[in-house]
Amino acid sequence: MNRVTQERSVLVVGSVALDGIETPYGRRERVLGGSAVYASCAARRFAKTAPVGVVGDDFPDEHLRFLESQGIALTGLYRKPGKTFHWSGSYTGGMGKARTLDTQLGVFQDFSPDIPADLRSCRYVLLGNIHPSLQIRVLDQMESPEVVGADTMNFWIEGEPELLREVVRRVRVMFINEAEIRSFTGESNLIAAADSLLEMGPQIVVLKRGEHGTSVHQVGGEIVFVPAYPSTEVVDPTGAGDALAGGFLGYLASRGDLSPGALQEAAIRGTVAASCAIEDFGPFRLASVSDAEIEARVDRINRMLGRSG
Ligand code: AMP
């Protein structure tokens, strides 16, 4: 059984899903997905990782074996009677944005996790995209996390803005995309929007700008930028944001510092994880890509930044 033993381990709460996805490359039903799955598959490349979530009795055992094969600790993953979270969406054209066709919370509807004792001491926590009340319940049980990051989406910005503001108040790093930050802050200028979000509590905003890259904004005005990895084959963009957040936090956990240099390196690792996630349906390419390929992509981004790598 995989165990989380180090201080610098990452706990990830989020959805564990069976997704239905349609892209110009094809259609898949009940493919393994969910924010906790993509984020964990990315974070575990750099640090011990444990997801917290729930699956239904329809969740195939082979997916649990797959996660176990990734070295991911499964003690925080519960199985309950009912249906696994299901999201379905489609992408067309440039595939910049998913059109959500259906969201069925299933067993997440009234899930209230008890974090196992061995996971409460994880120092790095990623509150992946899921109902903000669940994010808060997880945070309340953690002992003394050093770095807490949170991700969200329009579904919660529109549906649970008050609870989401509480999450934002309590985290150090907020992951958010352009459309979400504009809608959440009411600012159309992205720098003003990031500043406004920083005033609500976080010290760091990781602004995901799709093919235009990622900017990391810090209290005090420091901004670092990382271009998107120049992928030519985007098969299924699902999970890109989660992989970015997982890679970012996993790398920070392995480093243990939050200097602007470390944040830029973390954003590069997150960008690379996202680029792998989008090359196939589900998290399978992200899971199987070699460490050498990850390093080669890190070097390529460093060269794009004019650094020797
Ligand atoms: P991303 O493309 O990074 O936004 O992540 C997509 C993943 O998030 C999919 O695998 C979905 O199962 C999951 N997802 C979609 N909508 C929600 C939601 N409302 N709450 C939690 N997870 C979701």
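When DSSP beta bridges are limited to those with both residues in the stretch 9-304, what percentage is antiparallel, rounded to the nearest 5? Restricted to the stretch 9-304, the bridges split so that about 45 percent are antiparallel. Taken over the chain, the ratio of Cα radius of gyration to 2.2 N^0.38 Å equals 0.90. In the stretch 9-304, with Lys and Arg counted as +1 and Asp and Glu as -1 at Cβ, which of these residues, Phe225, Leu207, Ser35, has the Cα nearest the positive end of the dipole, that is, farthest along it? Among Phe225, Leu207, Ser35, the one farthest towards the positive end of the dipole of the stretch 9-304 is Phe225. Farthest towards the positive end of the charge dipole of the chain, among the residues Pro283, Ser183, Ala193, is the Cα of Pro283, using unit charges on the Cβ of Lys, Arg, Asp and Glu. Residues of the stretch 219-260 falling in the label zone of Ser288, defined by backbone nitrogen less than 12 Å from a point 7 Å along Cα to beta-carbon, are absent.
Which of Gly14, Gly76, Gly94 moves most in a GNM of the chain, Cα contacts under 10 Å? Comparing Gly14, Gly76, Gly94 in the GNM, the peak value goes to Gly94. Taking a point 7 Å out from the Cα of Arg165 in the direction of its Cβ, the residues of the stretch 189-220 whose backbone N falls within less than 15 Å of it are 196-202. Full extension of the chain between Glu295 and Thr100 gives 66.8 nm of extra length, using 0.36 nm per residue less the Cα-Cα distance.
Think of the chain as a dipole: +1 on every Lys or Arg Cβ, -1 on every Asp or Glu Cβ, centred on the Cα centre; then among Ser90, Thr238, Val12, Val12 lies furthest on the positive end. Give, as ranges by residue number, the residues of the stretch 223-240 whose backbone N falls under 13 Å from the point 7 Å along Cα→Cβ of Glu279. Answer for the stretch 223-240: 229-236. The trypsin sites (Lys or Arg not before Pro) found in the stretch 1-108 that occupy coil by DSSP, while having at most 14 further C-beta atoms within 10 Å, are Arg3, Lys97.
Only helices enter this figure: runs of n ≥ 4 DSSP H residues, each worth -39500 (n - 2.57), summed and divided by the residues of the chain, yield -11000 deg cm²/dmol at 222 nm to the nearest 500. Computed on the stretch 9-304, with alpha-carbon pairs under 8 angstrom and 6+ residues apart, the relative contact order is 19 percent. Considering only lysines 8 or more places apart in sequence, or on different chains, count the pairs in the stretch 9-304 whose C-alpha atoms sit under 28 Å apart. Lysine pairs, 8 or more places apart or on different chains, close enough: 4. Rounded to 0.05, the FRET efficiency of the Asn154 and Glu199 pair, given R0 = 22 Å and the Cβ-Cβ distance, is 0.55. Excluding ligands, DNA and RNA, the accessible surface per residue across the stretch 9-304 is 39 Å² with a 1.4 Å probe. Within the stretch 9-304, what whole-number % of the accessible surface is contributed by carbon and sulfur, with the 1.4 Å probe and all protein chains included in the calculation? Result for the stretch 9-304: 46 percent of the exposed heavy-atom area is carbon or sulfur. The value of relative contact order for the stretch 14-73, using C-alpha pairs under 8 Å at least six residues apart, is 33 percent. More than 25 angstrom separation, counting every C-alpha pair in the stretch 1-103; what % is that? Summing the P(r) of the stretch 1-103 above 25 Å gives 25 percent of all pairs.
The values are calculated or read from the model by the stated rules, or taken from the named source; none is laboratory data. Just so it is clear, the structure is predicted and the values come from calculations on it, not from any experiment. All Cβ positions, even for glycine, are placed from backbone atoms using ideal geometry, and neighbour counts span all protein chains on display. With ligands, DNA and RNA removed, areas are computed over all heavy atoms of the protein, side chains included. Shrake-Rupley method; radii C 1.70, N 1.55, O 1.52, S 1.80 Å.
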